[in-house]
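The values are calculated or read from the model by the stated rules, or taken from the named source; none is laboratory data. Just so you know, these numbers come straight off a predicted model, no measurement behind them. Cβ coordinates were reconstructed from backbone atoms using ideal geometry, including for glycine residues, and neighbour counts include every protein chain displayed.
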Amino acid sequence: MDEHILITNIQRFSLHDGPGIRTTVFCKGCSLRCPWCANPENLEPRSEDYVKDGVPGTYGRYISCEELLQEVMKDEMFYRQCDQGESLDALPGGVTWSGGEPLLQADRLKPLFRRLKDAGVHQCVETCLFVRADKLELAMEYIDLFYVDIKILDEARCREVLRGDLRRYLANVEALFAAKKPVVFRVPVIGGFTDSGENRQAVIALIKQYSPIKVELIMEHNLGRSKYLSLGKTPLDLHTVTDEFMEQYKKAMIKSAGAIAVVCKI
Ligand code: SF4
């Protein structure tokens, strides 16, 4: 396992990145450029210097698979099934691969995926799914649960706003379901970008094809302002949607798509 992975952070005791208590690894490099991205330090596939409150630092470091394995296995006690009362959370936790887009490094992560699977550790991936089919195929061999974003479903706008190829995304969604992989959809609801009536209808229509399925409607507040500023970038001033809007969207998702929808605030 002498491959090296480019990461920005290993977050322990995560409660929102999958079942149970998770250890989340943030991989650096993303295939999209969502204007609302809350993790601007995870976009470029290289380390980047920054200055925060006058203090310089670097986002991103290479870590060997062996070292990363040792790091995530420090939390092994959370990856085992616990009896009620023995733990704060009865569900076994596991490792979540996040980013950026973790599947961009799927080839390098493969030995780790395999070692964790062999050790019986549950693995999730948080993915935008704008990746080459072979990278997804590789991950499907090892990953237990996929959190898949649904953002903009108009081909031209997807290319213009996100810099992504919607056909590739849709083909990957199909591939995941054809392989019967467990999926939770995540829908960021961003004023002026993903909240139009047209886009909501398209999202509902897509989800309907795969329902009943769990859907998290994400209301984003934290835009990582300080991280944008530390990189010398200007954070976007977003128009935040209202709680009522989110409730209406959730109801439509349940009624029209047959989804198990919840609203999540970040
Ligand atoms: S896919 Fe996620 S990490 Fe990548 S740019 Fe969009 S919001 Fe940011």
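General observations
- The range 45-54, subset at pLDDT 95 or above and out of contact with any Lys or Arg (no Cβ under 7 Å at 6 or more places or on another chain), residue nearest to residue 109 (Cα to Cα): 46
- Within the range 124-172, the set of residues being within 14 Å of the ligand (Cβ to nearest atom) and touching a residue at least 60 places away in the same chain (Cβ under 8 Å) comprises 126, 128, 130, 131, 147, 151, 161, 162, 163, 164.
- Among the candidates 121, 55, residue that is touching a residue at least 12 places away in the same chain (Cβ under 8 Å) and either within 16 Å of the ligand (Cβ to nearest atom) or not polar (S, T, N, Q) (or both): 121
- Within the range 1-52, the set of residues being among the basic types (Lys, Arg) and assigned to a loop (DSSP other than H, G, I, E, B) comprises 28, 33, 46.
- Boolean, residue 9 is in contact (Cβ under 8 Å) with a residue 12 or more places away in the chain, surrounded by fewer than 19 Cβ atoms within 10 Å (Cβ to Cβ) and either within 16 Å of the ligand (Cβ to nearest atom) or under 30 Å from residue 157 (Cα atoms) (or both): yes
- Just one residue in the set 71, 44, 76 is surrounded by fewer than 17 Cβ atoms within 10 Å (Cβ to Cβ) and within 16 Å of the ligand (Cβ to nearest atom); that residue is 44.
- Of all the numbered requirements in (1) over 26 Å from residue 266 (Cβ atoms); (2) in contact with a strand residue (DSSP E or B) (Cβ under 6 Å, 6 or more places away or on another chain); (3) among the small types (Gly, Ala, Ser), residue 54 misses one, and that requirement is (2).
- Single residue of the range 16-36 satisfying the filter (within 9 Å of the ligand (Cβ to nearest atom) and at pLDDT below 95) that is farthest from residue 158 (Cα to Cα): 36
- Restricting the range 223-240 to residues that are touching a helix residue (DSSP H, G or I) at 6+ places or on another chain (Cβ under 8 Å) and in a loop (DSSP other than H, G, I, E, B), the residue that is surrounded by the fewest Cβ atoms within 10 Å (Cβ to Cβ): 234
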